[in-house]
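The structure appears right after this line, and notes come after that.
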Amino acid sequence: MVKKIIAGVLIVAIVALAAWKLFFDKSDVGDKLDQINQNLVAYHMEATMDLLDDEETRSYFVTTDYQKKDEQDYFRISLLDKNINQEQILLRNQNGVYVLTPMLNQVYQFKGNYPLNSPKPYLYHSMLEVFNGDHEVKNMDDGYLISNQPKYENNPEWAKQDIKLSSDLKPVWVNIYNAENEIVVKVTFSKVDLEPTFSDTYFDVSSNMEESRKNMAPSGGSITEEDLPLIPTNGEVYGSLREQTEATVNGKTVYILTYEGDHPFTVVQSIVSESQDLLVSEVNGSIVEFTYGVGYVNGYNLTYIYNGVNIDIYSETLTVNQMVAIANSMDVITGTK
């Protein structure tokens, strides 16, 4: 009888130990990450980010840099679109927030708390923030797996998120899933340095623009006037195309698509010319990220530049998420002229 009791106790102990190893104590990992967060003064991370859908995969090389300087948060985020070999750089320094488009030598300046205003799958801050909400932690042989239900403001279809951290709590990869448990975003980190050093001009606008343009590679598959207008392939979801017109404004051809229905909207687009001198424009609006890059929303208007094309979407009834969905679906359609 005693042997049976001892055997039973051993079995329970083994099961409990296995369960503890499988689901590592949340507070332990959370406490360690909390210490990292409190002492975080800089990091440099490099990753490949793949955005997957049924038709194509868009790949970006993402470099994320952070520095705490004079009690202010400095950021530099480079998004290199591998499909078209074009880069956008997002900077935050003591003077504000900037979106740089090196190909056009143009800069938009914003106010606000970007990029900390919403989660980003390539931002270490966002991973640390997960521990402030509901999450699960699984202990693995080579690190930890953290799962949660993310709240990406402009991507409500992103239903689940897995974050793999190494044993020293550095990001390894992030997978984001839709409601069907299909991976829609995959971020794989190739380099993580929590003790980098940066030059005094590393977060400077003009220095970044100069360096990026100096190393700028030829663009792949650039859009030309012959490709316009780009058409939202899901436009009929929100309304039907009533009119397609062309106009000349200051010697530039502008294409206008007018949709009518329960959610009427208008798309205005034109080729953007490269500026010879650095052009900085101050913008009243909020930065918006979507599949094809970064833009901004101001009231009923979403504006962004993709592959040398300036695109404006206007609507008084569409939500920002719906305008982003339209922006993500813009494509070259043959036979539109």
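To keep it simple, each residue is scored yes or no on (1) assigned to a loop (DSSP other than H, G, I, E, B); (2) more than 15 Å from LEU52 (Cβ to Cβ); (3) touching a residue at least 24 places away in the same chain (Cβ under 8 Å).
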| site | (1), (2), (3) |
| --- | --- |
| LYS151 | yes, yes, yes |
| GLU157 | yes, no, yes |
| GLN161 | no, no, yes |
| LEU169 | yes, yes, yes |
| VAL174 | no, no, yes |
| GLU180 | yes, no, no |
| VAL187 | no, no, yes |
| LYS191 | no, yes, yes |
| THR197 | yes, yes, yes |
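Scanning segment 91-129 for residues that are touching a Gly at 6+ places or on another chain (Cβ under 9 Å) and in a loop (DSSP other than H, G, I, E, B), which turns out farthest from ARG213 (Cα to Cα)?
GLY112
Does segment 199-255 hold any residues that are among the basic types (Lys, Arg) and in contact (Cβ under 8 Å) with a residue 40 or more places away in the chain, and which are they?
Residue satisfying the conditions is ARG213 alone.
Can you name every residue in segment 250-259 that is at pLDDT below 95 and touching a strand residue (DSSP E or B) at 6+ places or on another chain (Cβ under 8 Å)?
Answer for segment 250-259, where residues must be at pLDDT below 95 and touching a strand residue (DSSP E or B) at 6+ places or on another chain (Cβ under 8 Å): just LYS252.
In segment 289-305, what residues are assigned to a strand (DSSP E or B) and within 15 Å of the chain's Cα centre (by Cα)?
GLU289, PHE290, GLY293, VAL294, GLY295, TYR296, TYR304
VAL137 passes all but one of (1) hydrophobic (A, V, I, L, M, F, W, C); (2) within 22 Å of ASP50 (Cα to Cα); (3) in contact with a Gly (Cβ under 9 Å, 6 or more places away or on another chain); which number fails?
For VAL137, the exception is condition (2).
Is it the case that VAL254 is in the same structural domain as GLY308 (by TED's automatic domain parsing) and buried (at least 17 other Cβ atoms within 10 Å of the Cβ)?
Answer is yes for this residue.
Step by step: first the residues of segment 249-288, then only those that are of a type in the set (Gly, Ala, Ser) and outside any strand (DSSP E or B), then the one that is nearest to GLY299 (Cα to Cα). Which residue is that?
Among those residues, the one meeting the criterion is GLY285.
Looking at ASP227, ASP331, which is the one that is surrounded by fewer than 18 Cβ atoms within 10 Å (Cβ to Cβ), out of contact with any helix residue (DSSP H, G or I) (no Cβ under 6 Å at 6 or more places or on another chain) and of a type outside the set (Ser, Thr, Tyr)?
It is ASP331.
The values are calculated or read from the model by the stated rules, or taken from the named source; none is laboratory data. Since the structure is predicted, the reported quantities are computational estimates derived from the model, not experimental observations. Positions of Cβ are generated from backbone atoms using ideal geometry, with glycine treated the same way; all protein chains shown enter the neighbour counts.
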